[in-house]
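The values are calculated or read from the model by the stated rules, or taken from the named source; none is laboratory data. Note that the coordinates shown come from a computational prediction; the quantities given were computed from them, not determined experimentally. Counting neighbours? That spans all protein chains shown, and the Cβs are built from the backbone with ideal geometry, glycine included.
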Amino acid sequence: MTPDQALKEASTGSLRPVYLVMGEERWYIDRVVSALREAASRGGIAGFNEDKFTAGEATAEAVLGAARMLPMMAPRRFILARGLERWEKKGDDGGDDDGKPDGKTAGKKGVSRLLPPLDALAEYAKEPAPSAVVVLVATKLHAQRKLVTMAKKQDFLVACEQLPRRSLPAFIRTVAKEKGNAISAEVADHLAEIAGPELGYVVDAIERLSLFVGEKQPITEEAVAEIVIRVRQSTTWELLDAIGHRRLDRAMATLADVYDPTDRGLKLLGLVAWSVRGLVKFDAALGAGLAPQEAAQRAGVPPFKAGEMAQTVRGLPQGTLPRWLRLLAETDLALKGSRRPPQAVLETMLMDMCAR
């Protein structure tokens, strides 16, 4: 089940007794959990028939006990359990749960035993209480876990995975449209590069941009530069032009002018990486025999840049663009994990890119 399908069920009130909400995209998870909670609370007093638990801090027995309680002055109860991965031991093969016994009593041939937490939840899901909506949240569980395989088979698994990079621009355009603002494909791709991949930050950026440009006004590159990052794409092309012509002095001056210490230079790096990938696509299109204007269109860059880009890529020694991509990847790692000053890391990158 996709997050949108779960949201639709919540909007119609056709709720399942159990949902396993799993994935790494927190924005999807929070939306689904909030919608299910609101839907489950309809017809009752808000907060009166709900319980929230965190795995490791509470037991599975406590979760299931709350799920089996009858609601008071309401049609159903809402039970939320987060962090289920805490009940899954590292290195576990996904068979019978290795977690500390903590759940429903079960047994064979009269011998009773306590089920581990995740298996206890799986047993509950076989015969859930009809008067409760139990929402189980995990970042990741083993694919062969009983609870996971049952959730897939019975279609109560809500997969909240991160969007791939190629899908982000379309997502951005959809969210912007919902807020009443148009945004071009180029600007959406530009925003995806500097604001992604976490959807929560992307949506927050669109919200701020929408308020900035005003109702029914388009979200432009200038607005993105003003609200999200103070570097315009034209500045990035100027930086690449300086690098391409081995003008280290110009490149350093541009960096000093636009560097923003509040984000450790990561957004600027994202813009440069986005532009270099545009050059790679443009170069590949030229190599396939396309005219510069057509190559620019395929690369997703403004047509008026076609002549300048053609001159740039033709003046680069063979192997330069792959080397630049490697340097950008290394710089990204350094900015995120090195103790060196971020601006010094970026200056080293520029020196390496300008080197012959």
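Of everything in the range 143-169 that's of a type in the set (Lys, Arg) and crowded, with 17+ Cβ neighbours inside 10 Å, which residue is farthest from residue 122 (Cα to Cα)?
145
Could you check the range 255-272 and list, in sequence order, the residues that are free of Cβ contacts under 8 Å to residues at least 60 places away in the same chain and surrounded by 22 or more Cβ atoms within 10 Å (Cβ to Cβ)?
272 - this is the single residue of the range 255-272 that is free of Cβ contacts under 8 Å to residues at least 60 places away in the same chain and surrounded by 22 or more Cβ atoms within 10 Å (Cβ to Cβ).
So which residues in the range 50-59 are out of contact with any Asp or Glu (no Cβ under 8 Å at 6 or more places or on another chain) and at pLDDT 90 or above, if there are any at all?
50, 51, 52, 53, 54, 57, 58 - these are the residues of the range 50-59 that are out of contact with any Asp or Glu (no Cβ under 8 Å at 6 or more places or on another chain) and at pLDDT 90 or above.
Just to confirm my filter: which helices (runs of 4 or more DSSP H) fall fully inside the range 256-356 and include at least 2 residues that are at pLDDT 90 or above?
Values: elements: 266-287, 292-299, 306-314, 320-337, 342-354.
Where helices (runs of 4 or more DSSP H) fall fully within the range 256-356 and carry at least 2 residues being at pLDDT 90 or above, they are 266-287, 320-337, 342-354.
Within the range 5-29, can you find the residues that are farther than 10 Å from residue 160 by Cα and among the acidic types (Asp, Glu)?
Within the range 5-29, 9 is the sole residue that qualifies.
Condition first: of a type outside the set (Lys, Arg) and in contact with a strand residue (DSSP E or B) (Cβ under 7 Å, 6 or more places away or on another chain). Can you find one or more residues in the range 238-259 that meet it?
No, the conditions are met nowhere in the range 238-259.
Of all residues in the range 170-196, count the ones that are charged (D, E, K, R) and either surrounded by 19 or more Cβ atoms within 10 Å (Cβ to Cβ) or closer than 23 Å to residue 301 by Cβ (or both).
4
Confirm whether residue 281 is under 19 Å from residue 193 (Cα atoms) and either without any contact (Cβ under 8 Å) to a residue 24 or more places away in the chain or crowded, with 19+ Cβ neighbours inside 10 Å (or both).
yes
Any residue in the range 63-74 that's under 15 Å from residue 47 (Cβ atoms): show its pairings with residues that are exposed (fewer than 14 other Cβ atoms within 10 Å of the Cβ) and modelled with pLDDT under 95 at Cβ separation under 8 Å, as long as the two are six or more apart or on different chains.
72/48; 73/45; 73/48; 74/43; 74/45; 74/48
Residue 50 versus (1) more than 19 Å from the chain's Cα centre (by Cα); (2) surrounded by 18 or more Cβ atoms within 10 Å (Cβ to Cβ); (3) more than 18 Å from residue 128 (Cα to Cα); (4) among the charged types (D, E, K, R): which is the lone unmet condition?
(3)
Just checking, does the range 202-213 include any residue being buried (at least 21 other Cβ atoms within 10 Å of the Cβ), within 13 Å of the chain's Cα centre (by Cα) and at negative phi?
Yes, the range 202-213 contains a residue that is buried (at least 21 other Cβ atoms within 10 Å of the Cβ), within 13 Å of the chain's Cα centre (by Cα) and at negative phi.
Consider only pairs whose beta carbons are under 7 Å apart and that are at least six residues apart or on different chains; among these, list those whose first residue lies in the range 299-317 and is under 14 Å from residue 240 (Cα atoms) and whose second residue is surrounded by 12 or more Cβ atoms within 10 Å (Cβ to Cβ) and acidic (Asp, Glu).
312/241; 313/283
Find the residue count for the range 301-315, including only residues that are polar (S, T, N, Q) and either over 18 Å from residue 271 (Cα atoms) or not assigned by TED's automatic domain parsing to the domain that holds residue 285 (or both).
Qualifying residue count for the region: 1.
What is the residue count in the range 27-50 for residues that are within 25 Å of residue 120 (Cα to Cα) and touching a Phe, Trp or Tyr at 6+ places or on another chain (Cβ under 8 Å)?
Matching residues across the range 27-50 total 6.
Of all residues in the range 111-142, count the ones that are surrounded by fewer than 16 Cβ atoms within 10 Å (Cβ to Cβ), touching a Pro at 6+ places or on another chain (Cβ under 8 Å) and touching a residue at least 24 places away in the same chain (Cβ under 8 Å).
Residues in the range 111-142 being surrounded by fewer than 16 Cβ atoms within 10 Å (Cβ to Cβ), touching a Pro at 6+ places or on another chain (Cβ under 8 Å) and touching a residue at least 24 places away in the same chain (Cβ under 8 Å): 1 in total.
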